[in-house]
1. Among all residue pairs at least 6 apart or on different chains, which show Cβ distances below 6 Å where the first residue, located in the range 219-233, is under 14 Å from Gly56 (Cα atoms) and the second is part of a helix (DSSP H, G or I)?
2. Restricting to the range 12-45, give me the number of residues that are out of contact with any strand residue (DSSP E or B) (no Cβ under 7 Å at 6 or more places or on another chain), of a type in the set (Lys, Arg) and not in a loop (DSSP other than H, G, I, E, B).
3. (1) small (Gly, Ala, Ser); (2) crowded, with 16+ Cβ neighbours inside 10 Å; (3) assigned to a helix (DSSP H, G or I): which one isn't true of Ser9, the others all being true?
4. Going through the range 46-59 one residue at a time, which ones are part of a strand (DSSP E or B) and either more than 25 Å from Val238 (Cα to Cα) or open to solvent by less than 50 Å² (accessible area, probe 1.4 Å) (or both)?
5. Kindly indicate whether any position in the range 130-138 is at pLDDT below 90 and either over 23 Å from the mean Cα position of the chain (by Cα) or under 15 Å from Ser94 (Cβ atoms) (or both).
6. Could you please find all residues in the range 217-266 being among the charged types (D, E, K, R), open to solvent by less than 30 Å² (accessible area, probe 1.4 Å) and within 14 Å of His41 (Cβ to Cβ)?
7. What residue, of Pro311, Pro300, is surrounded by 11 or more Cβ atoms within 10 Å (Cβ to Cβ), within 20 Å of the chain's Cα centre (by Cα) and modelled with pLDDT under 95?
8. Of the residues in the range 21-45, how many are open to solvent by 60 Å² or more (accessible area, probe 1.4 Å) and over 21 Å from the mean Cα position of the chain (by Cα)?
Amino acid sequence: MKKATELQSLRRQIDLFIEGNGEAFDPFIQIRELVLCSLPHKATSERSITRVAQLGPNTVVNVTFTTVGKQLAYGSDRTLLGWFQTKCLEGNSSVITFDHLIEYLRAFDLDDGGKSYKRFYERLQRVLDLAIAIRVYHIDDRGSTSKKFTLNTFAVRAATTPNLQQDDQHVADDASLTPSDFDKRFVIITSDDFFKVLHNQHVVMPLQLMKIYSDRPIGWDFCQLILYRCFSAKTPSVIPWSSPETGGIKELVGSEDVNDRQLKYKLNGILDEIKIVYPDLPAYFLPSLKGLHISPWKPPQAHIKQITGAPSDRKRTAPPER
């Protein structure tokens, strides 16, 4: 009931904005490939996992997440990784500084008790240990592949906080920092390569909707997947239920659910929730396990705030033509 009320409130916020009496949603920004290929939902003993998704009829992306620490990032760690990306574009810099952890907690409506602080530092350590490899391939008519783009880097290359000092000398030697930066309590430095890709090919989501699913990774992944795929679609198409080679619904949401029909029932419920906010979203599941039908869609214009450091043209956020 609480979730339905929150979703209805978001719909009213859009209506008020269209009428000129309300505020736009706050942006939540991520690299396009990380919207399509996401972290595991639950803790895993695996030190590396690979996700695959289709960007276009002849283009496939392959994303590998690897940990150099004790535990691969998972679950709600995706909120922190995405929040760092958003902060980077807000400041138009690979260096993030903020005064207090409460900024992150408030962004996702988390309580500010001791447990939340403990979870943050655990989450931060997993993100610090996370290496991300992104490979985009073109597949020709004969089935041969050729690389179009490759990124292999740590998302965050250094951090200093009140309770965690990692590679402090590296932080202190960073030429992009000024003495005033160290008056802040938190300094997070993303890799230069990661920031360049983020700046050039990112996807903007409504934070107020995404945070409703901040503790439900399957809802988070499906929500951003369906919004992005409908927005970027050129023609109606069907996302197959399962396709290990190019990423079907089952693979794209990264679900550990074993029963396909139970998973479809769960995703259909999430789709109904999303349509409370965006009732004209042109997406529906086909009978049985035949996939998800989507069509081109334009969300309400300018209903998400524009970040000044982020490019605004559609070419930077849309995938290759379908």
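The values are calculated or read from the model by the stated rules, or taken from the named source; none is laboratory data. Small disclaimer: the values here were computed from a predicted structure and weren't measured. When we count neighbours, we look across all protein chains shown, and the Cβ atoms used for this are built from the backbone with ideal geometry, even at glycine. Accessible surface is based on the protein model in full, side chains and every heavy atom, while ligands, DNA and RNA are left aside. Shrake-Rupley method; radii C 1.70, N 1.55, O 1.52, S 1.80 Å.
1. That search, which allows pairs on different chains as well, returns Tyr228/Val35.
2. Residues in the range 12-45 being out of contact with any strand residue (DSSP E or B) (no Cβ under 7 Å at 6 or more places or on another chain), of a type in the set (Lys, Arg) and not in a loop (DSSP other than H, G, I, E, B): 1 in total.
3. (2)
4. Ser48, Ile49, Arg51, Val52, Ala53, Leu55, Gly56, Thr59
5. Looking only at the range 130-138, we keep the residues that are at pLDDT below 90, and these are 137-138.
Those still in the list that are either over 23 Å from the mean Cα position of the chain (by Cα) or under 15 Å from Ser94 (Cβ atoms) (or both) too: 138.
Yes: one or more hits.
6. Let us first name the residues in the range 217-266 that are among the charged types (D, E, K, R), namely 221, 229, 234, 245, 250-251, 256-257, 260-261, 264, 266.
Checking the rest, the ones that are also open to solvent by less than 30 Å² (accessible area, probe 1.4 Å) come to 221, 229.
The answer is Asp221, and nothing else.
7. Pro311
8. 3
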